[in-house]
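Engineer: Sharing a structure here in structure tokens format.
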């Protein structure tokens with residue numbers, strides 16, 4: 001059955017993340033996703049991909065793992081996911097521990113949506129060169145899978161390199177939480193096939209990619225039905241959702257503005273109506 005959730009930039013001026021998580025669970029929706037930026041360099045050298053000025057929320061987000069810890073304690077059922085986690089900006093051993101901790105505290109409800117990011121100076125502040133960002137993402141995901149599944153994990157790559165370590169607790173979900181690729185370039189196809197459990201594109205950018213993803217999966221001995229097809233920023237458009245259900249997408253994450261509950265809750269109620277109609281079709 002298809003799942004329906006929402007994504008918001010959790011900021012210091014928007015509806016409180018915990019109150020939003022409880023509202024989503026109370027309304028029968030399935031998930032809550034948070035994006036992240038550790039900071040935004042004041043130089044603003046990297047242009048905003050959507051064009052125009054960078055929205056205020058990009059420099060006001062809570063740390064998603066701190067926010068998810070609070071949301072996990074206040075809910076029982078909904079999935080909690082990053083949309084997306086900027087893997088390149090996080091120490092791999094710390095990130096593996098954070099993810100395992102959230103997965104256990106939530107009872108196995110965490111989803112790891114990943115990406116490399118677009119802000120070159122932001123990742124440079126974390127010691128990562130823009131040209132190497134996807135190589136770094138790959139090695140960190142592969143290294144974390146070792147940490148989540150081995151009593152003594154080690155990894156030796158170009159950018160991630162550590163001798164055997166003990167890192168517990170392990171995630172509740174076998175092999176670790178599902179990893180969903182939040183990118184839509186032609187290079188994403190093999191990345192999804194090699195080290196991901198699903199795809200999480202922005203709605204409107206997904207067209208034409210599924211056949212290529214399927215080819216990449218087949219080349220690695222997998223098939224399209226092996227992965228989750230999700231998308232975020234889904235519009236409040238029943239026809240759009242219905243068409244994507246027919247294509248095989250099964251997790252729809254609607255967008256919410258970083259505003260107060262007087263704005264957020266009515267939108268959430270609109271999304272509930274769409275979700276219920278789709279479930280009953």
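Engineer: Normalised by the residues of the range 70-150, what does the relative contact order come to in percent, with Cα pairs under 8 Å and at least six apart?
Structural biologist: For the range 70-150, the relative contact order is 38 percent.
Engineer: Restricting to DSSP H runs of at least four residues, report the calculated mean residue ellipticity at 222 nm for the chain, -39500 (n - 2.57) per run over all residues, nearest 500 deg cm²/dmol.
Structural biologist: -11500 deg cm²/dmol
Engineer: By counting other Cβ atoms within 10 Å of each Cβ, how are 18, 273, 88 ranked from fewest to most?
Structural biologist: So the residues, fewest neighbours to most, are 273, 18, 88.
Engineer: Looking at the chain as a GNM with Cα springs under 10 Å, which of 191, 222, 104 has the largest mean-square fluctuation?
Structural biologist: 222
Engineer: A further question on this structure: What distance in nm lies between label points placed 7 Å from Cα along the C-beta direction at residue 45 and residue 151?
Structural biologist: Placing both labels 7 Å along Cα→Cβ, they lie 4.8 nm apart.
Engineer: Roughly how many nanometres apart are two label points built 7 Å out from the Cα toward the Cβ at residue 276 and residue 124?
Structural biologist: Computed distance between label sites residue 276 and residue 124 equals 5.2 nm.
Engineer: Antiparallel versus total DSSP beta bridges in the chain: what percent is that, nearest 5?
Structural biologist: 10
Engineer: Gain in length, residue 19 to residue 267, computed as 0.36 nm per residue apart minus the alpha-carbon separation, to one decimal in nm?
Structural biologist: Contour length minus Cα-Cα distance gives 87.8 nm.
Engineer: How big is D, in µm² s⁻¹, for the range 97-230 by Stokes-Einstein at 10 °C and 1.306 mPa s if Rh is the Kirkwood radius over C-alpha pairs?
Structural biologist: Translational diffusion coefficient: 100 µm²/s.
Engineer: What percent do you get for the relative contact order of the chain when only Cα pairs under 8 Å and 6+ apart count?
Structural biologist: Relative contact order, the chain: 22 percent.
Engineer: If I build a Gaussian network model for the chain, linking alpha-carbon pairs within less than 10 angstrom, which residue out of 162, 254, 33 has the largest mean-square fluctuation?
Structural biologist: For the chain, modelled as a Gaussian network with Cα springs under 10 Å, the answer is 162.
Engineer: A further question follows. If R0 is 25 Å, what FRET efficiency do you get for residue 240 and residue 12 from their C-beta distance, rounded to 0.05?
Structural biologist: 0.20
Engineer: Then there's this: Tell me, what is the FRET efficiency for residue 1 and residue 131 to the nearest 0.05, using R0 = 51 angstrom and their Cβ-Cβ distance as r?
Structural biologist: Efficiency, from the Cβ-Cβ distance: 0.75.
Engineer: While we're looking at this one, here's another question. Under 8 Å for C-alpha pairs, at least 6 residues apart: give me the relative contact order for the range 184-254, rounded to a whole percent.
Structural biologist: With pairs under 8 Å counted, the relative contact order is 33 percent.
Engineer: For a quick check: sort 36, 124 by the number of other beta carbons within 10 angstrom, fewest at the front.
Structural biologist: Neighbour counts put them in this order, fewest first: 124, 36.
Engineer: If you restrict to DSSP beta bridges whose two residues both lie in the range 1-134, what percentage is antiparallel, to the nearest 5?
Structural biologist: Antiparallel bridges make up about 10 percent of those DSSP assigns within the range 1-134.
Each value in this text was obtained by applying a stated rule to the coordinates, not by laboratory testing. Quick caveat, the model's predicted, so the values are computed rather than measured. Backbone-built Cβ (ideal geometry, glycine too); neighbour counts: all protein chains shown.
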